């Protein structure tokens, strides 16, 4: 499959995750190599989007201004490398809201495919949680798991993950993906 759009979960894939939520730009710390990995994808001609559950908004743990500051920090770090992500979508709802966008539902992935006018089968979704894999499968996207963030927990609880390639982190995935798609 030749993915045109690479969709990334945020917490645990691009940045360090926390069971206490990432609530501010100060708490948002990129995983080693992740900013460079996104930049390599962009330089190779791929569209890169972020799809992230952000129930901390519904829980009142942070507001949309704080979320925008987090995303600005990420985009600023990418801009220092002459790069950016092409789209950031997030679900602001709590798990009890029964929305169509919160992973494991495929709403955000479908929204991104529509935004870029591609079929969901032309996307690849890199995540660290089982809900990411479920959302990718429901959307028709190729799921990829990274061991960073909650990836090890996901493997311990749900292995084997039939048809889901597993990488150490985003940098490892991008290195191998680009090697196979040159």
Matching option when the condition is touching a residue at least 60 places away in the same chain (Cβ under 8 Å), within 21 Å of residue 30 (Cα to Cα) and in contact with a helix residue (DSSP H, G or I) (Cβ under 8 Å, 6 or more places away or on another chain), among 132, 128: 128
Among the helices (runs of 4 or more DSSP H) lying completely within the stretch 7-118, list those that include at least 1 residues that are closer than 20 Å to residue 139 by Cβ. 34-43, 107-115
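Every residue, every condition in (1) in contact with a strand residue (DSSP E or B) (Cβ under 7 Å, 6 or more places away or on another chain); (2) crowded, with 19+ Cβ neighbours inside 10 Å, yes or no:
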| position | (1), (2) |
| --- | --- |
| 96 | no, no |
| 112 | yes, yes |
| 128 | yes, yes |
| 165 | yes, no |
| 172 | no, no |
How many residues are touching a helix residue (DSSP H, G or I) at 6+ places or on another chain (Cβ under 7 Å), free of Cβ contacts under 8 Å to residues at least 40 places away in the same chain and farther than 15 Å from residue 5 by Cα if we restrict to the stretch 136-146? 1
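Considering each of 155, 178 in turn, give the residue that is in a helix (DSSP H, G or I), over 13 Å from the mean Cα position of the chain (by Cα), touching a residue at least 24 places away in the same chain (Cβ under 8 Å) and surrounded by fewer than 18 Cβ atoms within 10 Å (Cβ to Cβ). Full working, then the answer.
Numbers: 155 fails: touching a residue at least 24 places away in the same chain (Cβ under 8 Å).
Just one listed residue meets the conditions, 178.
Bear in mind that the values in this text are calculations on the coordinates, not laboratory data. Worth saying up front: this structure is predicted, and the values here are computed from it rather than measured. Note that we place each Cβ from the backbone using ideal geometry, even for glycine, and neighbour counts take in every protein chain shown.
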